[in-house]
Structures are given as structure tokens and as C-alpha cells.
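Reading through the C-alpha cells given below for one structure.
The values are calculated or read from the model by the stated rules, or taken from the named source; none is laboratory data. Because the structure is predicted, anything quoted here is derived from the model rather than measured. As a convention, Cβ positions derive from the backbone with ideal geometry for all residues, glycine included, and neighbour counts pool all protein chains shown. In case anyone asks, the SASA skips ligands and DNA or RNA and just uses the protein heavy atoms, side chains included. Shrake-Rupley method; radii C 1.70, N 1.55, O 1.52, S 1.80 Å.
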Amino acid sequence: MLRILMTGIFILVFFLLQITIGQSIAIASVAPNLLLILTSEFGFVRGQKTGIWVGFFGGLLLDIYYGDAIGFYALLYMIIGYLNGFFHQLYYDEDITLPIGLFAGSNLLYGFLVYIIRFLLRNRLRLSYYFPHVIVAETVYTLLIAVLIYRPILKINRIVEKIEKRSANKFG
């Protein structure tokens, strides 16, 4: 129960940070994607199911706040959470290269999916502009922020796991 509560708090806090502080620290109208960091991290740290749920609820909040249609961002974030969950077995706490690679890959995938669905299908074929100015710029910015917040999120997750194990041992 504590894990679900903390996950919900994480989603809400990261959503609020993304729509407030994230927009105010945007450089050349490119802001870090905090919910993508959270979805990716929960996917490879806790597995596919958690990645899907965090992606769904984070994306749903974005759909309600930004979206034209409910479900677009929820589906994108669910896909990213699910794909990151495949790396749960390869992940261990001490290695930072896998998380950084997954953050970068997730952001690139997210950028391409947004481009395909939002622009390419509307016959806006400016990938030569969109890729370096939006996708790569957002990926670099998100990676810089991810390096700063990856360890604190992981530490809080580990503390919650210890509390849950202690609680289960008391009553089990």
C-alpha cells in the first residue's frame, strides 16, 4: 500500500514540476520531460507492470492538461514504461550506464512517436528541422536533469521497499 501511495505522489509531484518549473526553465522552448524520466525509471527498476501504470497515469494527467484527445500521451508513456520494463532483469543499482542509455532511448522514441503521430500524419515533413532542434535538444536536456534526479528517486524507492519488507516480516 505504501508503494502505491508513494508512486502516486511521485507521479503527481513530477507532473506538477513538469507543467510549472519545467516550462519556466525551458531553453529555446525545449523543456525536460520529467514524467518520461519517472516512467522510464519505474519501468526498469520495478518492472513492466509498474512502468505501464506509471506511464498510464502520468500520460493521462498530461492528456487532461495539454492534450487534444484523452489517451494519446497515456498510450505513449505506457509503451515507454513497458519497453523499459524489459531491462528490469539487466538492471542493478550501481551501474548508471544502463539507466542513462534507457533515458536517452526512451526520449528519442517518444520524440519520434510524437513526430509521426502529430506531424507526419498531417503532412508536415520537416524531420530535418524537428530532429535536431526538438528531439535531440529535449533528449540532451532531459538527460542532464535525469542524471541529477535518478539517484534520489532510486533511494526513496529503496527506502519504501525496506519499510514494506519490515512491515511484511512483522505481520507475516
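Worth pointing out:
- Degrees separating the helix 97-114 axis from the principal Cα axis of the chain, which is the longest one: 40
- C-alpha long axis of helix 72-85 to longest principal axis of the chain, angle in °: 50
- The stretch 69-112: projected area of the alpha-carbon convex hull, averaged over directions, in nm²: 3.3
- Over the stretch 34-118: Rg over Rh, Cα atoms, Kirkwood Rh: 0.99
- Solvent-accessible area, 1.4 Å probe, carbon plus sulfur percent, for the chain: 70
- Rounded to the nearest 20 debye, the dipole size of the stretch 82-172 about its Cα centre is 320 debye, using +1 on the Cβ of Lys and Arg and -1 on the Cβ of Asp and Glu.
- Ranked order, Ile64, Ile117 - accessible area, probe 1.4 Å, largest first: Ile64, Ile117
- Heavy-atom accessible surface of the chain, averaged per residue, reaches 56 Å², computed with a 1.4 Å probe.
- Of the residues Leu60, Ile156, Phe103, the one whose Cα sits farthest toward the positive end of the charge dipole of the chain, with +1 on the Cβ of Lys and Arg and -1 on the Cβ of Asp and Glu, is Ile156.
- Selection from Leu120, Ile11, Tyr73, by position along the positive dipole direction of the chain (Cβ): Ile11
- Scaled against 2.2 N^0.38 Å for its residue count N, the alpha carbon radius of gyration of the chain is 1.06.
- Simple Cβ-charge dipole of the stretch 39-113, Lys/Arg +1 and Asp/Glu -1, about Cα centre, in debye nearest 20: 180
- Each peptide in 5-11, 22-28 gets a packing score, the mean of other Cβ atoms within 10 Å over its residues, and the list from highest to lowest is 5-11, 22-28.
- Taken about its Cα centre, the chain carries a charge dipole of roughly 260 debye when the Cβ of each Lys and Arg holds +1 and the Cβ of each Asp and Glu holds -1.
- Taking every alpha-carbon pair under 8 Å whose residues sit at least 6 apart, the chain reaches a relative contact order of 23 percent.
- Spatially, the stretch 129-149 and the stretch 3-21 are offset by 20 Å when compared through their Cα centroids.
- Residue of Leu61, Leu83, Leu113 that the Gaussian network model of the chain assigns the largest fluctuation, springs spanning Cα pairs under 10 Å: Leu113
- Exposed trypsin sites (Lys or Arg not before Pro) absent: longest stretch of the chain, with sites in DSSP loops and at most 13 other Cβ within 10 Å deemed exposed: 1-123
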